[in-house]
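First up is the structure itself, then whatever we jot down about it.
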Amino acid sequence: MVQLLEHALVDEADSTRFTLVFAARHERDHLLADTLDGLVERHPDRLRVRYLAERVAPEARAAWTGGIGRITESDIKDAATWQVDEQRASLVLVCGPPGMMEQIAGRMRSEVDPGRVGGLLARLGYGTSQVIKL
C-alpha cells in the first residue's frame, strides 16, 4: 500500500484522496509508520492514516494515539466520509491475512478470482466494482 500511495501522491494535479486504515495486532507492528506519517505531513489534503492495534502494551498506552481493536463498520464509514459524498466514487483496497480479509471483504477464492464481496463491506453496501482484494 505504501508504494501505491507514494506513486499516486506524486502527481499534484491529481486530487484523489486516500484514507488508510492500518490495523495490526500490536502497536509496534505498524511497519513503515514513519514513512506513512511523512506522506500525511506532505499531503494533508489528500492522505489520512488511521492506526488500529488489537493490543497496546501498557508502557505504550500513554503515547498511543490510534484506536484499539479490530476494524469495525464505524472505522470504514469514518474513512469513507472524507471521500466524495457518493459511495459509488469510493474504491476500497483490502489486504491482510486471510482471517482479516474475510472479516472485512469476504473470502478470496483464489489469486485470480477474488470472490464476492462479503464481511463488513458487504453489510455497508459495497459491491464488486468498488472492492479490490489484494
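No value in this document is a laboratory result; all are computed from the given coordinates. Only a predicted model underlies this, so the values are computations on that prediction, with no experimental measurement involved. So basically every Cβ, Gly included, is an ideal-geometry build from the backbone, and we count neighbours across all protein chains shown.
Laid out as a table, the results:
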quantity: Full-stretch length increase - ALA57, LEU91 - with 0.36 nm per residue and alpha-carbon distance subtracted; calculated: 8.9 nm
quantity: Size of charge dipole - the chain - debye, nearest 20, with Cβ of Lys, Arg +1 and Asp, Glu -1, no other charges; calculated: 560 debye
quantity: Euclidean distance of C-alpha centroids, region 86-125 and region 10-50, integer Å; calculated: 20 Å
quantity: Amide H within-cut-off set for VAL49, under 5 Å, with H built and near neighbours excluded; calculated: LEU20
quantity: Helical contribution to [θ] at 222 nm, DSSP H n ≥ 4, -39,500 (n - 2.57), averaged over the chain, rounded to 500; calculated: -7500 deg cm²/dmol
quantity: Positive-pole candidate from ALA33, VAL10, ALA57, dipole of region 10-64, charges at beta carbon; calculated: ALA57
quantity: Among (1) 15.8; (2) 18.5; (3) 19.6, the entry that matches Kirkwood radius over Cα pairs in Å as calculated here; calculated: (1)
quantity: Average Cα contact separation per residue, region 1-70, under 8 Å, 6 or more apart, as relative contact order %; calculated: 33 percent
quantity: Share antiparallel - DSSP beta bridges, the chain, percent rounded to 5; calculated: 0 percent
quantity: Using θ = phi - 60° and Karplus 6.51 cos²θ - 1.76 cosθ + 1.60, couplings along region 97-105 (whole Hz; Gly, Pro as x); calculated: x, x, x, 5, 4, 5, 5, 7, 10
quantity: Length-normalised contact order for the chain - Cα pairs under 8 Å, 6+ apart - percent; calculated: 19 percent
quantity: Label point distance in nm, GLU73-ARG48, each placed 7 Å from Cα along Cα→Cβ; calculated: 2.0 nm
quantity: Taking region 85-134 and dividing mean pair separation by its residue count, relative contact order in percent (alpha carbons under 8 Å, at least six apart); calculated: 42 percent
quantity: Linear extension gain, MET108 paired with ARG123, 0.36 nm per residue minus alpha-carbon span; calculated: 3.7 nm
